[in-house]
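Report on the following structure.
A short reminder: the numbers here are calculations on the coordinates, not readings from a lab. Computed from a predicted model, the values in this text were never measured in an experiment. Ideal geometry is used to build each Cβ from the backbone, glycine not excepted, and the neighbour counts take in all protein chains shown.
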Amino acid sequence: MQTNETDEMRTRATTIVAVRRDGKLAIAGDGQVSIGELIFKSRASKLRRMYKDGVLAGYAGAAADALALFERLERKLEEYSGNLQRACLELVKEWRTDKVLRQLQALLIVGDEENLLLVSGTGDLLVPDDDVLGIGSGGGYAQAAAQALLAHTDMTAEEIAREAVLIASRICVYTNDQVTVEVL
């Protein structure tokens, strides 16, 4: 697969991690917006509450693309009465087959009381094996940190998600320590 400078800039854009523990879902994201080597903004929010505050979502990638996808996902959630899996499946099908949508460059983490999903434009709708999922430039670091914290501490989902992004911020230059957390 060929990549170009624009693709590389998009993939190094953020860190989002989701953690589920004790019936709670927490999604955390850093606040840094990078354009190439430039830190453009440090307090952006990359998280959103949807469908009557019953769904949480976070994105990595191009902000405008992700926001367009959030709008479509919200419409799908309305159409399918809040059924997150069905709404995401329909979004993925549309994203993958529509010529315009296919060009959108973003990854989404979405979750509700029962589901945690990774949604991509390559046709992926993935459920993680465990209760942790990370995306973005520091997503792997945050996911590893969250898995360790889940296994070895009694921290809440919110505390783990926040700390995991903070750990990633000390390793990944495209992640900062201005963390936003949303909890269901």
_Filter result (within 22 Å of residue 32 (Cα to Cα), free of Cβ contacts under 8 Å to residues at least 12 places away in the same chain and not in a helix (DSSP H, G or I)) within segment 134-184_ = 170, 173
*Name the one entry in 132, 110 that is crowded, with 20+ Cβ neighbours inside 10 Å and either of a type in the set (Asp, Glu) or farther than 19 Å from residue 48 by Cβ (or both).*
132
*Going by the conditions given, is residue 91 in contact with a helix residue (DSSP H, G or I) (Cβ under 8 Å, 6 or more places away or on another chain), within 16 Å of residue 25 (Cβ to Cβ) and of a type in the set (A, V, I, L, M, F, W, C)?*
no
_Which pairs turn up if I take residues in segment 28-43 that are without any contact (Cβ under 8 Å) to a residue 12 or more places away in the chain and look for partners that are in a loop (DSSP other than H, G, I, E, B) with beta carbon separation below 8 Å, at least 6 apart in sequence or on another chain?_
41/31; 41/32
*asked:* Can you tell me which residue is farthest from residue 33 (Cα to Cα) among those in segment 113-124 that are buried (at least 17 other Cβ atoms within 10 Å of the Cβ) and in contact with a helix residue (DSSP H, G or I) (Cβ under 7 Å, 6 or more places away or on another chain)?
replied: 117
*Within segment 119-130, how many residues turn out to be closer than 11 Å to residue 106 by Cα and not polar (S, T, N, Q)?*
2
*asked:* Tell me yes or no: at least one residue of segment 79-99 is closer than 24 Å to residue 43 by Cα, crowded, with 18+ Cβ neighbours inside 10 Å and more than 12 Å from the chain's Cα centre (by Cα).
replied: no
